[in-house]
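A short write-up of the structure that comes next.
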Amino acid sequence: MPSVTVDPSGTFLTFGRSSGSLRFHAIWLRDNAQDEETRAASNGQRLVALRDIPADTKIETANMSASGRLEIRFAPDGKETSFDPDWLEANAYDHMAPAEKGWLPPEIETWDSGLMNGLPSSDFAALQRGGPELQEWLEQIVRYGFAKVENAPAEAGTLFQIVDLFGYVRETNYGRHFEVRTEVNPTNLAFTGLGLQAHTDNPYRDPVPTVQVLHCLENSAAGGENMVVDGFAAALRLREENPDGFELLANHCARFEYMGEAGVCLTSRRPMIELAPDGALIGIRFNNRSCAAVTDVPFEKMEAYYAAYRRFGEIIDNSAMEVTFKLAPGDAFVVDNTRVLHARKGYSGKGNRWLQGCYADMDGLRSTYDAMTQARSLEAAE
């Protein structure tokens, strides 16, 4: 049976289980009460604001009930509520803060070219059936930042069916989708077969589209392989080689812009390596073609900033960091555009290459994945 001890001040309690002891503040417990007076039963949303809770809230009594729940009475308002010990452990905050900037949660796994031995992918028909196949494919995107779809129809508009598996299309000034149609030996340089450096898309937007889908309709050209690079792995390698350079790219904003069509002027100001306030690595923005003049770095740090920027690009360009694959007609891939950089190898010979692309967002993908995971956990518990 878990144990509970209230500090004499009443401002916190210590909750003990076989896995260890955890402390919780009175105000945190009161704010996170799970009862029907505090949370709506239909959707779990909070019914009270912090202003409705006394600022001098303390724990008057706390004990374990016969059913194994932690029962608490608060002062001065006499509020009574109870907590599931598993919920408390899952939401505990009494732990050491990460010591190093650039840390990642356990569900994220960095990778390099070795991932080609086990490329994350799934069959389109299996994904449409839902269930474990879809959940596993979504988990791969969460873990690795990208995954392929194989054997989808090689028909225009199929990419919308792929987005329907997990979320919603994000429309931009490019429309609901865009064409990536390139011909070898073209009559117009707009349709060149030149290779592209690995990049994240649309860094000039705020917020950026966090998911990109590319679906192949035709691919008879020689070359033109797709390539992906784990931006998180590249950033952590830079941190290992040059901690000061990592800090420069994380602590100073780059600027990005797009003014390629009438009536459009998109700009953003964000670091190339984005960290959360607690140091978690949460985003990469890297796109040399869309980078505007950097003006947010002090004069005395600009040369070092450019040296770090150059080295970051060299790491991204290193073939040991890349995973390459050639899409067959009907194949597609989905990337987390806040993490994974994508590119295209150059073309040679004769043939055509036609892809359709669109944007979506990770909140929809994570929602679908988390809801499926939660549902399976509830089924397993019954």
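Here is how the numbers come out for the structure above:
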read-out: Amide H partners (placed H, <5 Å) of residue 121, local residues excluded; value: 148
read-out: Neighbour cut-off at most 16 other Cβ (10 Å), DSSP loop, GluC sites (Glu not before Pro), the range 154-185; value: 155, 171
read-out: Pair residue 257, residue 103: separation of 7 Å Cα→Cβ label points (nm); value: 3.9 nm
read-out: Accessible-area ranking of 28, 137, largest first, probe 1.4 Å; value: 28, 137
read-out: Additional length obtainable on full extension of the chain from residue 282 to residue 92, 0.36 nm per residue less Cα span; value: 66.3 nm
read-out: Cα gyration tensor category, rounded, prolate or oblate, for the range 96-149 with a/c compared to 1.5; value: oblate
read-out: Segment residue 139-residue 181, extension gain: residue separation times 0.36 nm, minus the distance between their alpha carbons; value: 12.1 nm
read-out: Option label - mean projected area of the Cα convex hull in nm² computed here, alternatives (i) 18.6; (ii) 24.4; (iii) 30.9; value: (ii)
read-out: Shape category assigned to the range 109-255 from the gyration tensor of Cα positions, a/c cut at 1.5; value: oblate
read-out: Hydrodynamic radius of the range 35-151 per Kirkwood, over alpha carbon pairs, in Å; value: 19.2 Å
read-out: Choice from 222, 320, 33 showing the highest fluctuation, given a GNM over the chain with Cα pairs closer than 10 Å; value: 33
read-out: Centre separation in Å (Cα based) which lies between the range 81-147 and the range 200-226; value: 23 Å
read-out: Rounded to the nearest 10 Å², the accessible area of residue 65 at probe 1.4 Å; value: 20 Å²
read-out: Amide proton proximity set for residue 270, modelled H, under 5 Å, gap of 5+; value: 254, 256
read-out: Mean separation of Cα contacts under 8 Å (6+ apart) over length of the range 38-167, as relative contact order %; value: 13 percent
read-out: Percent RCO, i.e. relative contact order, over the chain, from Cα pairs under 8 Å lying at least 6 residues apart; value: 23 percent
read-out: Square roots of five times the Cα gyration tensor eigenvalues for the range 253-319, Å; value: 22, 15, 15
read-out: Ratio of the Cα radius of gyration of the range 1-79 to 2.2 N^0.38 Å, where N counts its residues; value: 1.13
read-out: Listed residues 121, 18, 290 arranged by accessible area, highest first, probe 1.4 Å; value: 18, 121, 290
read-out: Highest-MSF residue in the chain out of 91, 318, 288 [GNM, Cα springs under 10 Å]; value: 91
read-out: Over the range 228-382, relative contact order from alpha-carbon pairs under 8 Å, at least 6 apart, %; value: 28 percent
read-out: Trypsin sites (Lys or Arg not before Pro) restricted to the range 344-380 and DSSP loop, no more than 13 other C-beta within 10 Å; value: 350
read-out: Lysines whose Cα lies under 29 Å from that of residue 148, excluding same-chain neighbours fewer than 8 positions away; value: 326, 345, 350
read-out: Tensor-based shape of the range 292-382 (alpha-carbon gyration tensor, a/c under 1.5 rounded, otherwise prolate or oblate); value: oblate
read-out: Mean ellipticity per residue at 222 nm, deg cm²/dmol - from DSSP H runs of n ≥ 4 across the chain, formula -39500 (n - 2.57); value: -7500 deg cm²/dmol
read-out: Amide H contacts of residue 156 (H built 1.01 Å from N, under 5 Å, at least 5 apart or other chain); value: none
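The values are calculated or read from the model by the stated rules, or taken from the named source; none is laboratory data. Note that the structure is predicted; figures quoted are calculated from it, not measured. Neighbour counts run over all protein chains shown; Cβ positions are idealised from the backbone, glycine included. Surface accessibility is based on the protein's heavy atoms, side chains included, excluding ligands, DNA and RNA. Shrake-Rupley method; radii C 1.70, N 1.55, O 1.52, S 1.80 Å.
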